[in-house]
Amino acid sequence: MPKYKCDKCSKEYTGNFCPNCGDKKTKKDDELMTDMEIVADILEDTKESITKKVKLVNRRSIMGIILLLIAVMFFFLGMYYKTAYYNDEKSNKRTNAYVAEDSYNYIINSNYFSGYMSLSGSFVISGVLVLISNQKKRD
């Protein structure tokens with residue numbers, strides 16, 4: 001808030017009246033804002049707008065990184081279902097084996113693999129788009 005100098009008692013004040021002598025500020029006082037006050041107001045407004053933009057950019061960056069981490073998780077889940085298969089009918093040790101026959105297990109695991117890879121791809125695309133829009137907002 002700008003400060004004014006009273007014409008009668010030479011005290012500085014803010015508002016419409018001098019608290020010392022009660023003199024009312026004049027129109028010329030409104031027009032005579034010092035350069036320092038103008039610069040201070042501009043800097044304060046700029047600081048607030050930059051702070052808001054930085055908070056928004058940081059939120060978007062975090063959201064993009066989280067989406068990419070979820071994509072990596074789905075990728076490794078898909079790779080697990082594709083590669084980790086073991087079916088020993090004699091000892092009942094099974095990994096990703098649901099029925100007795102291998103061909104059905106391969107079909108079931110390939111469906112899991114396809115689903116997790118689709119999810120992974122979707123999250124990669126979403127994460128990259130969020131990060132790209134974040135970069136454009138930054139510029």
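The values are calculated or read from the model by the stated rules, or taken from the named source; none is laboratory data. What you see is a predicted model; the values in this text were computed from it and never measured. Neighbour counts run over all protein chains shown; Cβ positions are idealised from the backbone, glycine included.
Remarks
- Residue in the stretch 56-66 that is at pLDDT 70 or above, among the charged types (D, E, K, R) and closer than 30 Å to G127 by Cβ present: yes
- Looking only at the stretch 109-128, and only at residues there that are surrounded by 15 or more Cβ atoms within 10 Å (Cβ to Cβ) and hydrophobic (A, V, I, L, M, F, W, C), the one that is farthest from I62 (Cα to Cα): F113
- Taking the listed residues D41, D29, the one that is surrounded by 14 or more Cβ atoms within 10 Å (Cβ to Cβ), of a type in the set (D, E) and either in a loop (DSSP other than H, G, I, E, B) or modelled with pLDDT under 75 (or both) is D29, with no other qualifying.
- Test result for L131, part of a helix (DSSP H, G or I), among the aliphatic types (A, V, I, L, M), surrounded by 15 or more Cβ atoms within 10 Å (Cβ to Cβ) and touching a Gly at 6+ places or on another chain (Cβ under 9 Å): yes
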